[in-house]
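Asker: Quick one: this structure, given as structure tokens, is what I'll be asking you about.
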Amino acid sequence: MSKKLNLYIVLHFHLFLGGTVDITVHEVTEDKTLKELEKASGGDWGGTCVDNCFKEKLTYVVSEEVMEEFRLRHTGEYIEFFRDFEMKKRTTDTKQQTRVTMRMPGSLPEFYEALKNKSFKEAVQESKYSKSMKCEGDKLRITPAFFEEFFSSACTGIIDHVNDLLDKPKVKGTDTILMVGGFSESPILQEKIKKEFQKCRIVIPNEPGLAVLRGAVFFGHNSSLISERIAKYWYGIASFQKFDPKIHSIEKKKGDFCEDIFDICVHRGSTLKLHELQSKGPYETNRD
């Protein structure tokens, strides 16, 4: 009997390049290989989603004009500022802190004061976020509750999608969730997942950001680790078929045949077993 099931949640974080969440469902078989039960799926609920929420709220305070000028004229400081936020995002445990502190780049308050004739500190105090964040010298101090709000959309998207997966009949019995990828390092995300899926064993390896790379290396040395996959796409070949006016477009008719018809070899969602040949045909070349 195979042990059913392990749900692998692969959270990929790429600073300024993306931020997707890829989720796959595998069953551990008797020979210790993995059988894919649900094709990879997910959405844009990765770390970049958190970045965008933080940027959106900060932009609300300083205005789009100031933020854009800051980005264009001091790109290095802009990148460094959000890199600092990236570190806070991956390491901050809001249960252990009364304030989350970030260093403010000096040019941002300067741009704001020059364009708005008002200090950045005043802008924060007069905004709707005055109780949630403060500007003290060159530091931006954020309340833990407000910091967690940056994660709200990403965590909700991930949790809802995993719940949808767990409701599918073929993945019933899932007992393990494995979190890997850079975003999995976030204590806030870890806490949300553990709270929502209390019936599952949550596994988070050391250095989850490197786990995906290490897995790729292992798979490169031994591709038989995954014995069955679910086809994510349709695969086929362009072909000529006997023209049928009920299903073929008249624009593709060529004599008694219809050209450029996609002849399906592999259906999306079908099971592909290791070393099992997928064949279709035979085909003949078009001599016209």
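Asker: Run the accessible area of the chain with a 1.4 Å probe and give the carbon-and-sulfur part as a rounded percent.
Answerer: C and S atoms contribute 50 percent here.
Asker: What angle do you read, to the nearest 10 degrees and between 0 and 90, between the alpha-carbon axis of helix 107-116 and the longest principal axis of the chain?
Answerer: For 107-116 against the chain, the angle is about 70 degrees.
Asker: Quick one: angle between helix 187-196 and the longest Cα principal axis of the chain, in degrees between 0 and 90, rounded to 10, please.
Answerer: Tilt relative to the chain: about 60 degrees.
Asker: Enter the angle in degrees (range 0 to 90, nearest 10) between the Cα long axis of helix 47-62 and the first principal axis of the Cα atoms of the chain, meaning the one along which they spread out most.
Answerer: The angle comes out near 40 degrees.
Asker: Among 161, 74, 26, determine the one that fluctuates most according to a GNM of the chain built with springs between C-alpha atoms less than 10 Å apart.
Answerer: Between 161, 74, 26, it is 74 that shows the largest mean-square fluctuation.
Asker: Something else about it: Could you pull out every one of the lysines with an alpha carbon less than 23 Å from that of residue 116, ignoring same-chain neighbours closer than 8 positions?
Answerer: Within reach: 55, 57, 128, 131, 134, 139.
Asker: Follow-up. With both bridge residues required to lie in the chain, what share of the DSSP beta bridges run antiparallel, to the nearest 5%?
Answerer: About 75 percent, rounded to the nearest 5.
Asker: Moving on to the next point. Could you state the number of Å between the C-alpha centres of segment 24-103 and segment 141-176?
Answerer: The two parts, judged by their Cα centres, are 15 Å apart.
Asker: Taking the radius of gyration and the Kirkwood hydrodynamic radius from Cα positions alone, what is the Rg/Rh ratio for segment 73-157, to two decimal places?
Answerer: That ratio equals 0.99.
Asker: Accessible surface of residue 285 in the full protein assembly, 1.4 angstrom probe, to the nearest 10 Å²?
Answerer: Accessible area of residue 285: about 110 Å².
Asker: Which one of 283, 213, 258 is farthest out on the positive end of the charge dipole of the chain, using unit charges on Cβ (Lys, Arg +1; Asp, Glu -1) and the Cα centre as origin?
Answerer: Checked the options; the winner is 213.
Asker: Binned at 5 Å from 0, what are the whole-percent values of the Cα-Cα distance distribution for the chain, short to long?
Answerer: With 5 Å bins starting at 0, P(r) equals 1, 5, 9, 12, 12, 11, 9, 8, 8, 8, 6, 5, 3, 2, 1, 0.
Asker: To continue, here is another question. Treat segment 41-118 as a sphere of radius equal to its Kirkwood radius over Cα pairs and apply Stokes-Einstein at 10 °C in a medium of 1.306 mPa s; give the translational diffusion coefficient in µm²/s, rounded to a whole number. Mind dumping the intermediate values first?
Answerer: Details: Rh = 13.9 Å.
Value of D from the Cα-based Kirkwood radius: 115 µm²/s.
The values are calculated or read from the model by the stated rules, or taken from the named source; none is laboratory data. All values reported here derive from a predicted model rather than from experimental measurement. Backbone-built Cβ (ideal geometry, glycine too); neighbour counts: all protein chains shown. Just so you know, the surface numbers come from the protein's heavy atoms only, side chains and all, with ligands and any DNA or RNA stripped out. Shrake-Rupley method; radii C 1.70, N 1.55, O 1.52, S 1.80 Å.
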